[in-house]
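Undergrad: Below: one structure in structure tokens.
The values are calculated or read from the model by the stated rules, or taken from the named source; none is laboratory data. As the structure is a prediction and not an experimental result, all values here were calculated from the model.
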Amino acid sequence: MNKRMILAAVALALSGSALARLPAPSEAQQLEAEAKKAKAAEAAAQENAALAEAQDRVAARWAQIRQASQASTPAR
């Protein structure tokens, strides 16, 4: 019974430290985080634009091949 009480007290003491708050970031850290966020958003926009361009090229090529195959295949 004594071991259980000690174990419960230790668990309670350790759980309190898990709920501790971190200090607020400084102004410089906030500006740095905002800059990183903006840079990541710009990179994501560029990647999305490149993906859209690649998809458009694939779709155009597919349409061209489909059109050519339909023109060479006689109608039934």
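Undergrad: Out of Ala20, Ala44, Ala24, report the one residue that is of a type outside the set (D, E, K, R) and assigned to a helix (DSSP H, G or I).
TA: Numbers: Ala20 fails: assigned to a helix (DSSP H, G or I); Ala24 fails: assigned to a helix (DSSP H, G or I).
That would be Ala44, the only listed residue that is of a type outside the set (D, E, K, R) and assigned to a helix (DSSP H, G or I).
Undergrad: For Leu22, which of the numbered conditions (1) modelled with pLDDT under 90; (2) more than 26 Å from the chain's Cα centre (by Cα) fails to hold?
TA: Of (1) modelled with pLDDT under 90; (2) more than 26 Å from the chain's Cα centre (by Cα), only one is false for Leu22: (2).
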